[in-house]
């Protein structure tokens, strides 16, 4: 009986040691991966954070609406015209009209 308990205890201890070794291996791999990420981040320029205020959020939403409308105009020109000249003309007109439309529609 004592031998069986000793064997079971030894087996449990081996399992615990194996799990600890696996965790240590995994931690070493994660530390190596994190070090590589940090080296890469140091090489890259620091990014700018975007404004998070209410006005900036509104401006981004308005710009998205304007972009979607411009894309829809381009798709309509391509679908209805099927000509490069019509598509190019619609592109030029959209580029010229977008700032005017933004000022007229979204001016507070």
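Evaluating residue 52 against the criteria (1) surrounded by fewer than 10 Cβ atoms within 10 Å (Cβ to Cβ); (2) farther than 30 Å from residue 107 by Cβ leaves one unmet condition, (2).
Among the criteria (1) modelled with pLDDT of 90 or more; (2) surrounded by 14 or more Cβ atoms within 10 Å (Cβ to Cβ), the one residue 63 does not fulfil is (2). Would you confirm whether any residue within region 65-75 is within 28 Å of the chain's Cα centre (by Cα) and either outside the structural domain of residue 100 (by TED's automatic domain parsing) or on the phi > 0 side of the Ramachandran plot (or both)? Looking through region 65-75, none of the residues is within 28 Å of the chain's Cα centre (by Cα) and either outside the structural domain of residue 100 (by TED's automatic domain parsing) or on the phi > 0 side of the Ramachandran plot (or both).
Considering the chain, the qualifying helices (runs of 4 or more DSSP H), each wholly inside and each with 1 or more residues that are in contact (Cβ under 8 Å) with a residue 40 or more places away in the chain and out of contact with any strand residue (DSSP E or B) (no Cβ under 8 Å at 6 or more places or on another chain), run over 54-81, 84-106.
The values are calculated or read from the model by the stated rules, or taken from the named source; none is laboratory data. Note that the structure is predicted; figures quoted are calculated from it, not measured. Counting neighbours? That spans all protein chains shown, and the Cβs are built from the backbone with ideal geometry, glycine included.
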